[in-house]
Amino acid sequence: MSRLLETVTTHRRQLHQIPELSFNEYKTTEYIRTTLDSLSIPYFTPMDTATIVYFEGSSGSKETVGFRADIDALPIQEETGVTFESQHPGVMHACGHDGHASIMLTFAEWCKEQQDKGLLEKNMLLIFQPSEESNAGADALIRAFPFEDYQINGIYGLHLGPDVPEHTLATRQGFLMASATEYRITVRGLSAHVAQKEKGFSALGAVVNIATQLSQVQQYFLNGLHQNILHIGQLHAGEAINTVASDGHIQGTIRTYFPDDLKHIQEKMETIVTSTDALHHTVTSLDFAKGYPAVYNDTALIETVKTSVDHAGLNLQLLDVPYLFGEDFSFYQSVAKTNFAFLGIRNEEKGYIHGLHTSLFNFDEAILLNGVKYFQSIAHTLGVIK
């Protein structure tokens, strides 16, 4: 295990220094492919920054098991103070994707060793996916690569979990994470001097009305037993202190589990915008970005997960309720059964307590070995390895 620890630590520290934003992971991809080349592991390049490894088993079976890691970073200035901090100002691996990719690279090396020993029975796909943080990289990759040509019986994914204790893997059957849909509202009014405000059409008034009405959607129009969020993250209107505002903007996100809830929220938002324009004589556009579906863990894979966690020497935490985070791993549900889980990294004694998407996010690299062991255990549990 000391060799694996050295390997996974080296990968993590190299990748941590070169974080890149979604669909711009060129240095990261170069590092991944150079590493695979050095191990004589062939791969597909369906997109500029997507890399897929296919290990063919010796049994002749078409059955394939998939594993996925994401590789992009976030527009955050790092404040961890580590010696291997980001060399790209304003960009940081604040969501642990450097850890995910390092687990997968280390796992790939182990898989190659098993194949060289003649121990690889069934097929495996190892997916290095770009652009999880934005722009739905998983969806783009599914459209670019013929997953349907492989008899995939399951795709497994991991995410580092700062709320989960070290040596623990947290997951659940059914919904694990929410759908995530961003929206942007732009209001156009008519400017006028405050002394003649009746001659203008206030974008500020419209923005205030829209924001007030959005806050009522959950209260009055959605099932109270369902978890939904209609969140306003940014709000702005106006140009000067003594004029009627001619421009206004609202941006936010919607989190749901059930597609009907999302549809209902979007319909109510459209009604709110239309009625506000009628009241304020404004012209408003409402745009929804392509959202991420909710992450749903297939019941058929849960026993494999339980057995693999046990064989990996980890603790299993079956969550009572799902998270309201979003994740584009959900798109793989269209090509295979899936399971997603959180690998615990929380250690209060060592100070590894900071959340995802924060400038202080960090973890003990030795914990990445738990991810490698978990993937190895899945391979053994499913008979991929003799």
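The values are calculated or read from the model by the stated rules, or taken from the named source; none is laboratory data. Every value quoted in this text rests on a predicted model; they were computed, and no experiment measured them. Here Cβ is always computed from backbone atoms with ideal geometry, including for glycine, and neighbour counts include all displayed protein chains. Remember, those area values only see protein heavy atoms, side chains included, never the ligands or the DNA or RNA. Shrake-Rupley method; radii C 1.70, N 1.55, O 1.52, S 1.80 Å.
Of everything in the stretch 72-96 that's without any contact (Cβ under 8 Å) to a residue 60 or more places away in the chain and farther than 16 Å from ASP364 by Cβ, which residue is least open to solvent (accessible area, probe 1.4 Å)?
It comes out as GLY90.
Of all the residues that make up the stretch 326-342, how many are of a type in the set (Gly, Ala, Ser) and surrounded by fewer than 22 Cβ atoms within 10 Å (Cβ to Cβ)? Before the answer, list the steps.
To start, the set of residues in the stretch 326-342 that are of a type in the set (Gly, Ala, Ser) comprises 326, 330, 334, 336, 341.
If we keep only those that are surrounded by fewer than 22 Cβ atoms within 10 Å (Cβ to Cβ) as well, we get 334, 336.
Going through the stretch 326-342 one residue at a time, the tally reaches 2.
Looking at (1) open to solvent by 50 Å² or more (accessible area, probe 1.4 Å); (2) of a type in the set (A, V, I, L, M); (3) within 17 Å of SER359 (Cα to Cα), can you tell me which one LEU5 breaks?
(3)
Name the single residue that is surrounded by the most Cβ atoms within 10 Å (Cβ to Cβ) among those in the stretch 209-226 being touching a residue at least 24 places away in the same chain (Cβ under 8 Å) and under 30 Å from ALA240 (Cα atoms). Spell out the reasoning first.
Within the stretch 209-226, the first condition is being touching a residue at least 24 places away in the same chain (Cβ under 8 Å), and the residues that meet it are 209-211, 213-214, 217, 221-223, 226.
Among the residues that remain, those that are also under 30 Å from ALA240 (Cα atoms) are: 209-211, 213-214.
On the way: ASN209: 20, ILE210: 26, ALA211: 17, GLN213: 16, LEU214: 21.
Ranking the candidates gives ILE210 first.
I need every pair where a residue in the stretch 131-151 that is over 21 Å from GLY291 (Cα atoms) has its Cβ under 6 Å from the Cβ of a residue that is part of a loop (DSSP other than H, G, I, E, B) and aliphatic (A, V, I, L, M), sequence separation at least 6 or different chains.
From the stretch 131-151, the pairs are PHE147/VAL335.
Applying the selection to the stretch 303-339, what residues are touching a residue at least 60 places away in the same chain (Cβ under 8 Å), in a helix (DSSP H, G or I) and not charged (D, E, K, R)?
Residues satisfying the conditions are THR304, VAL305, THR307, SER308, VAL309, HIS311, PHE329, SER330, PHE331, TYR332, SER334.
How many residues are in contact with a helix residue (DSSP H, G or I) (Cβ under 6 Å, 6 or more places away or on another chain) and surrounded by fewer than 23 Cβ atoms within 10 Å (Cβ to Cβ) when one looks only at the stretch 111-126?
1
Among the strands (runs of 3 or more DSSP E) contained in the stretch 223-302, which hold 2 or more residues that are touching a Phe, Trp or Tyr at 6+ places or on another chain (Cβ under 8 Å) and over 18 Å from ILE185 (Cβ atoms)?
Details: elements: 229-237, 247-256, 283-288, 295-297.
Per the criteria, 295-297.
If we scan the stretch 343-353, do we find a residue that is open to solvent by less than 10 Å² (accessible area, probe 1.4 Å), in a strand (DSSP E or B) and under 30 Å from LYS122 (Cα atoms)?
At the first step, the residues of the stretch 343-353 found to be open to solvent by less than 10 Å² (accessible area, probe 1.4 Å) are 343-345.
Now restrict to residues that are in a strand (DSSP E or B): 343-345.
With the extra rule that they be under 30 Å from LYS122 (Cα atoms), the set shrinks to 343-344.
Yes - at least one qualifying residue is present in the stretch 343-353.
Only one residue in THR106, THR64, THR51 is open to solvent by less than 10 Å² (accessible area, probe 1.4 Å), within 19 Å of the chain's Cα centre (by Cα) and hydroxyl-bearing (Ser, Thr, Tyr). Which one? Quick ask: steps written out before the conclusion?
Working: THR106 fails: within 19 Å of the chain's Cα centre (by Cα); THR64 fails: within 19 Å of the chain's Cα centre (by Cα).
Just a single option satisfies the conditions, and that option is THR51.
What are the residues in the stretch 67-94 that are within 18 Å of LYS27 (Cβ to Cβ), among the charged types (D, E, K, R) and over 19 Å from the mean Cα position of the chain (by Cα), if any?
So in the stretch 67-94, the residues within 18 Å of LYS27 (Cβ to Cβ) come out as 69-76, 78, 84-94.
With the extra rule that they be among the charged types (D, E, K, R), the set shrinks to 70, 72, 78, 85.
GLU78, GLU85 - these are the residues of the stretch 67-94 that are within 18 Å of LYS27 (Cβ to Cβ), among the charged types (D, E, K, R) and over 19 Å from the mean Cα position of the chain (by Cα).
At least 3 residues that are farther than 22 Å from ASN370 by Cβ in each: list the strands (runs of 3 or more DSSP E) lying fully within the stretch 26-113 that qualify. Break it down stepwise before answering.
Numbers: elements: 44-47, 50-55, 63-70.
It comes to 44-47, 50-55.
Does the stretch 13-35 include one or more residues that are closer than 25 Å to ILE378 by Cα, of a type outside the set (Lys, Arg) and surrounded by fewer than 18 Cβ atoms within 10 Å (Cβ to Cβ)?
Residues of the stretch 13-35 that are closer than 25 Å to ILE378 by Cα, as a first pass: 32-33, 35.
When the remaining residues are screened for being of a type outside the set (Lys, Arg), the result is 32, 35.
Retained after the next criterion (residues that are surrounded by fewer than 18 Cβ atoms within 10 Å (Cβ to Cβ)): none.
Checking the stretch 13-35: not a single residue is closer than 25 Å to ILE378 by Cα, of a type outside the set (Lys, Arg) and surrounded by fewer than 18 Cβ atoms within 10 Å (Cβ to Cβ).
Among the residues of the stretch 276-290, write down those that are in contact (Cβ under 8 Å) with a residue 12 or more places away in the chain and open to solvent by 20 Å² or more (accessible area, probe 1.4 Å). Break it down stepwise before answering.
Taking the stretch 276-290 first, the residues in contact (Cβ under 8 Å) with a residue 12 or more places away in the chain are 276-277, 279-290.
Within the stretch 276-290, ASP277, LEU279, HIS280, HIS281, VAL283, THR284, SER285, LEU286, ASP287, PHE288, ALA289, LYS290 qualify.
In the stretch 366-385, what residues are among the small types (Gly, Ala, Ser), at negative phi and surrounded by fewer than 22 Cβ atoms within 10 Å (Cβ to Cβ)? Lay out the reasoning, then the answer.
In the first step, residues of the stretch 366-385 are kept if they are among the small types (Gly, Ala, Ser); the result is 366, 371, 377, 379, 383.
Now narrow it down to the ones that are at negative phi: 366, 371, 377, 379.
Residues satisfying the conditions are ALA366, SER377.
Six or more apart or on different chains, Cβ under 7 Å: which pairs go from a residue in the stretch 1-18 that's in contact (Cβ under 8 Å) with a residue 40 or more places away in the chain to one that's in a helix (DSSP H, G or I) and exposed (fewer than 15 other Cβ atoms within 10 Å of the Cβ)? Could you list them?
The qualifying pairs are LEU5/ALA366.
Restricting to the stretch 183-207, name every residue that is crowded, with 17+ Cβ neighbours inside 10 Å and without any contact (Cβ under 8 Å) to a residue 60 or more places away in the chain.
Once the filter is applied, which keeps residues that are crowded, with 17+ Cβ neighbours inside 10 Å and without any contact (Cβ under 8 Å) to a residue 60 or more places away in the chain, the stretch 183-207 yields SER191, ALA192, GLY200, LEU204, VAL207.
Do you know which of the residues in the stretch 127-144 that are open to solvent by 10 Å² or more (accessible area, probe 1.4 Å) and not in a loop (DSSP other than H, G, I, E, B) is farthest from ILE232 (Cα to Cα)?
Here the residue is ALA144.
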